[in-house]
Amino acid sequence: MTTVPKLSSPAPRQTNALRLSDRLSPRTLFAIRRSGRLLASLLIVILATFFVVHLVPGDPVRAALGPTAPAGLVENVRADLGLDKPITDQFVDYLGGLLTGDLGTSVQTRQEVAEVISSRFPTTLILAASGFAVALLGALPLGMGTALIARSGRGRTLSSSISGVFGIIIATPDFLLSVGLIGVFSVGMGLFAPAGWGDFSTAVLPIVGLALGPMAYLARIVQVEMIKVLDETYISTARAKRLPNRILLLRHALPNIVTSTLTVGGLLLAGLTAGTVVIETVFAIPGMGNTLVSAVGAKDYPMIQGVVLVFALMILAVNLIVDLILITLDPRTSITEG
Amino acid sequence: MKKFASPIGLAAVVGLLLLIAVAIVGPIVWGDAATSRNVAERWGAASPAHPFGTDDLGRDILARVLVASRLSLLLTAGATAIGLTGGLIIGLAASIMPSRLRRAVVWVMDILLAFPWLLLVLFFTVIWGATATGAMLAIGLSGIPNLTRLVYNLASSVSGTDYVRAARVVGVGPVGILTRHVLPNIASPLLVQAAAAASVTLLSFAGLSFLGLGVQAPAYDWGRQINEGIGQIYSNPMGAIGPGLAIVFAGLIFTLISEALADQPGQGIGRLVAASRAAVLPTDGRSGESGSESTVRLNKSPDATATEPAEAAPLAEVKGLHVAFPDGGGGVVERVHGIDFSVSQGETVGIVGESGSGKSLTALALAGLLVPPAAVAARRRAFDGIDLSSELTQSDRRRLGTELGVVFQDPLTSLNPALTIGRQLTEVPETHLKMSRRAARERAVDGLEAVGIHSAVHRMGDYPHQFSGGMRQRAMIGMALTAEPKLIIADEPTTALDVTVQKQVLGVLRAAKESTNTAVVLISHDIALVAGFCDRIVVMKDGQIVEELSAGRIREDAQHPYTRGLIACLPDMRSDRSRPLPVIDEVVRPAERHGPDQFADGGSGEGDPSEHVATGRDEVRSLL
């Protein structure tokens, strides 16, 4: 028996993937594609934040200062923002500012935008990161557990009622969940502080409020994926080996749900990053989200530009991290996209 | 539409009608209550007169929630319409663009998709200002990338079909293709998505108004009401929770509509959950009465009877085996009707039967691998002294893990795609034989070499997708050889393979059998293949054993019409090639056939992974 002749029966996709992997490894291809996308996203973000002021119908400075502001002040602010220069100069200035960390000055408070952001960024980062950790660490056991319950033949009622609870949590907006959390745990039981930021007591409810929706969503994904994986023949193979349940679940099932979980998880994490905007407002947390909301209300364009830019960069970073994890974890060629 | 006849569909329709009714009559009926001020009663807590309490001007919050439904739903509908229209136009246009332009559009949409809606909405809100119309535009536009991607994917899959190609050949232009072929075919999934999008839009609006960036006073929607109510959450929690309930209710209705419209999502699980627990199965008795009709008892061939119970206890056996599945409607469908089957030490037995005959289920039951929703009952089910019906002890599991090997039909799916070949071959030696990592590795390399995989040491780090189908199947057999197999159950091990590769795999299996004196149960629909490989053949049909034969004497001894039909289909050197091959009569008890289609409809097809490949009854394999 020398070499095995190539089969004609497997799907053409398979042979195609094999042919591609001969030239360039799928991971390299994936890395190249994603780097290209990252650069393009970066460009779009920078262009969008630059042009947002110019897209405002009418005079943005007049809109920011209100109809009663004296004409001299309007002219001063316009010069401050550089809006009186040709647009190419403005863009060069903007890029130069970005490179030197100068994001301009707030129209509203006259503070340096970069300074405000750097003082508020850590809060938002901690909130988003712990929210994601809670969502992921909660969703994996919950999803896998409900899948096992659903497949065991026992406890069908239990698994369907858990799914129902997930469904309701998913359908409930995060600020509403947070309001409910405040109502129960703060107003009702007096366990945690209803607002503010600083210590453990103030952090619990915002983090839970932020994580609950994504967790339920992710748990549903994990559950569906897990049920699919449990039906796979390779799980029967593993079962035929009579491996301990621990190995069956952690070694044979988990790696096969990780790719889809992480792909969805990455989108959720991006959403969760933006979700801090709402959560910070509910709990009166002095983070970037709160800053953004008041800046949008006050039409404080330099501040809006700066905060939106930082949020967008955070989201790009999240996508990059998820991609890197996917490349490390997924040995297959399945990391292809259309 | 009959889709709405289900409980979910009914709930969705009733809920939607209720929402629309409230949105229409709300401002007329409760308009006065919602605007009449009563400062004396301001910030009132929930009471019978005001179930949700009153706001800062003493207005009834419940009435305001009901009145606000019109604006909330109108804005939701508007934004959904914007997103849907934009998505349709861009997605459809992209699908007929030249390929480079098309890729560029998809690429940009994918980049936009990476950004969460809230950020996009805030961006657009900055441009149009914090007004209701601005919010509607913002939310509508930020929904476009997602819907564009969906429309594009759907449209591309339709344009790739043969009938669209045919239309193109006939000369139908791109617009004609879109309107006549693509749109009607993507309408249904698009509706599902539109309902789901409406639910997301509703939440987006609530969020934006809650942030104070959506609807502005004196107008109000549900989100704005929560914003107003949250300040008083200590004195009147219902002020914020009341409008919140309205949002959740409307959101659930939209989700239900989407579910009801959908053909697939969640349906499998839903059905499985709905199916009641498998009923208690008949164990004794029934096998006799139901089997009497078609079981021809049985061959009197001396070879075959010699291996029957007269000798010592068989290596593995099942007695009175029944296997059933929930049928999706609360009942059960029995697929194996009380059969007896056994294998002796070192014996090679073939089980032959068509798809749905229960042969694979019998084998899986023999291996103790059937899991819920499959329900198994048997008078006796044992492997080498281990009772498979009872709870297994640690040492039972160890013995089963090492002494009983299983090879499944499709080698593409029976190896774990996420683990290296080496990892999958070392785990039995490591777990059950307590070998060191190194010794286990050597054992695994031996196993691969025994099945003819070259430079096995270097292939250990490969993943299954780097192996060809035949190699994977041989690796599966090698996996069994890493332990000390007494029985290998091979469930159609060659059906998914090319004919030349089939030979290799069977050769490997035969070599494994001879070198280790393991018993083999070979399952196949191919009686010629089985006759060439086995000592004894069991023919199954419709969940029953219809005949048992000695392999060498199938042509002489076969009595059951089905077996004779199978044999008649085998061409040999004397066959007249000018005449068509015979076809097996399909007259056998149609009422009791539990075909695979019928079964898959029950929503529990996953219980029988090996039966899904359609194997034509008239298919002839004469090559082995």
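The values are calculated or read from the model by the stated rules, or taken from the named source; none is laboratory data. Everything numeric here is computed off the predicted structure, so don't read it as measured data. Here Cβ is always computed from backbone atoms with ideal geometry, including for glycine, and neighbour counts include all displayed protein chains.
One table, with the values for the structure above:
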| read-out | value |
| --- | --- |
| Odd one out for residue B:162 among (1) away from every other protein chain (no Cβ under 12 Å); (2) modelled with pLDDT of 80 or more; (3) under 34 Å from the mean Cα position of the chain (by Cα) | (2) |
| Scan of the stretch B:106-140 for residues that are surrounded by 20 or more Cβ atoms within 10 Å (Cβ to Cβ), within 21 Å of residue A:296 (Cβ to Cβ) and either outside the structural domain of residue B:74 (by TED's automatic domain parsing) or under 38 Å from the mean Cα position of the chain (by Cα) (or both), ordered by number | B:115, B:116, B:117, B:118, B:119, B:120, B:121, B:138, B:139, B:140 |
| Any pair with Cβ under 6 angstrom, 6 or more apart, that starts in the stretch B:203-214 at a residue that is part of a helix (DSSP H, G or I) and ends at one that is acidic (Asp, Glu) | B:209/B:221 |
| Candidates B:318, B:376, B:336 - the one that is within 14 Å of chain A (Cβ to nearest Cβ), over 25 Å from residue B:482 (Cα atoms) and outside any loop (DSSP other than H, G, I, E, B) | B:376 |
| Flag if residue B:74 is in a helix (DSSP H, G or I) and either within 28 Å of residue B:210 (Cβ to Cβ) or at pLDDT below 80 (or both) | yes |
| Considering residues of the stretch B:242-256 that are within 7 Å of chain A (Cβ to nearest Cβ) and touching a residue at least 40 places away in the same chain (Cβ under 8 Å) only, the residue surrounded by the fewest Cβ atoms within 10 Å (Cβ to Cβ) | B:252 |
| Subset of the stretch B:465-489 [closer than 10 Å to residue B:425 by Cβ and either hydroxyl-bearing (Ser, Thr, Tyr) or in contact with a Lys or Arg (Cβ under 6 Å, 6 or more places away or on another chain) (or both)] | B:482 |
| Condition met for residue A:63 (of a type outside the set (Val, Ile, Thr), under 30 Å from residue B:453 (Cα atoms), at pLDDT below 75 and in a helix (DSSP H, G or I)) | no |
| Options B:141, B:147: the member that is under 13 Å from residue B:81 (Cα atoms) and touching a Phe, Trp or Tyr at 6+ places or on another chain (Cβ under 8 Å) | B:141 |
| Residue A:335 vs. criteria more than 11 Å from chain B (Cβ to nearest Cβ), crowded, with 20+ Cβ neighbours inside 10 Å and at pLDDT below 80 | yes |
| Of all residues in the stretch B:393-419 being free of Cβ contacts under 8 Å to residues at least 60 places away in the same chain, outside any helix (DSSP H, G or I) and at the interface with chain A (Cβ under 8 Å from one of its Cβ atoms), the one that is surrounded by the fewest Cβ atoms within 10 Å (Cβ to Cβ) | B:417 |
| Test set (1) among the hydrophobic types (A, V, I, L, M, F, W, C); (2) under 23 Å from residue B:449 (Cβ atoms); (3) buried (at least 24 other Cβ atoms within 10 Å of the Cβ) - residue B:549 fails condition number | (2) |
| Subset of the stretch A:275-288 [crowded, with 24+ Cβ neighbours inside 10 Å, small (Gly, Ala, Ser) and more than 9 Å from chain B (Cβ to nearest Cβ)] | A:287 |
| Enumeration of residues in the stretch A:159-188 that are assigned to a helix (DSSP H, G or I), facing another protein chain (nearest Cβ under 8 Å) and farther than 30 Å from residue A:148 by Cβ | A:175, A:176, A:179, A:182, A:183, A:187 |
| Filter pass, residue B:87 being touching a Leu at 6+ places or on another chain (Cβ under 9 Å), within 26 Å of residue B:172 (Cα to Cα) and assigned by TED's automatic domain parsing to the domain that holds residue B:220 | yes |
| Members of the stretch A:239-255 found to be surrounded by 22 or more Cβ atoms within 10 Å (Cβ to Cβ) and assigned to a helix (DSSP H, G or I), listed by number | A:240, A:252, A:253 |
| Some residue of the stretch B:444-456 being within 11 Å of chain A (Cβ to nearest Cβ) and within 23 Å of residue A:249 (Cβ to Cβ) | no |
| Qualifying positions in the stretch B:83-127 - within 12 Å of chain A (Cβ to nearest Cβ), within 22 Å of residue B:197 (Cα to Cα) and not aliphatic (A, V, I, L, M) | B:107, B:110, B:115, B:116, B:117, B:123, B:124, B:125 |
| Of the criteria (1) at pLDDT below 80; (2) assigned to a helix (DSSP H, G or I); (3) among the aliphatic types (A, V, I, L, M), which one residue B:371 fails | (2) |
| Where a residue in the stretch B:464-482 is closer than 12 Å to residue B:402 by Cα and assigned by TED's automatic domain parsing to the domain that holds residue B:513 and its partner, wherever it lies, is modelled with pLDDT of 80 or more and not in a helix (DSSP H, G or I), with Cβ under 6 Å and at least six apart | B:480/B:405; B:480/B:488 |
| Residue check, residue A:191 under 26 Å from the mean Cα position of the chain (by Cα) and either crowded, with 17+ Cβ neighbours inside 10 Å or away from chain B (no Cβ under 14 Å) (or both) | no |
| Among (1) in contact with a strand residue (DSSP E or B) (Cβ under 8 Å, 6 or more places away or on another chain); (2) on the phi > 0 side of the Ramachandran plot; (3) not hydrophobic (A, V, I, L, M, F, W, C) - the single one residue B:525 does not satisfy | (2) |
| Near pairs, Cβ below 6 angstrom, 6+ apart or cross-chain, from the stretch B:423-435 (facing another protein chain (nearest Cβ under 8 Å) and under 19 Å from residue B:461 (Cα atoms)) to any residue that is in a loop (DSSP other than H, G, I, E, B) and small (Gly, Ala, Ser) | B:428/B:483 |
| Criterion (closer than 30 Å to residue A:164 by Cβ, away from chain A (no Cβ under 14 Å) and either over 28 Å from the mean Cα position of the chain (by Cα) or not small (Gly, Ala, Ser) (or both)) met by exactly one of B:178, B:183, B:191, B:202 | B:191 |
| Residue among A:312, A:270, A:317 that is surrounded by fewer than 19 Cβ atoms within 10 Å (Cβ to Cβ) and within 21 Å of the chain's Cα centre (by Cα) | A:317 |
| Residues satisfying the stated conditions in the stretch B:512-569, i.e. farther than 10 Å from residue B:352 by Cα and among the polar types (S, T, N, Q) | B:515, B:516, B:517, B:518, B:544, B:550, B:559 |
| Which numbered condition residue A:204 misses (of (1) more than 8 Å from chain B (Cβ to nearest Cβ); (2) buried (at least 23 other Cβ atoms within 10 Å of the Cβ); (3) hydrophobic (A, V, I, L, M, F, W, C)) | (2) |
| Check on residue B:36, at pLDDT 80 or above and in the same structural domain as residue B:241 (by TED's automatic domain parsing) | no |
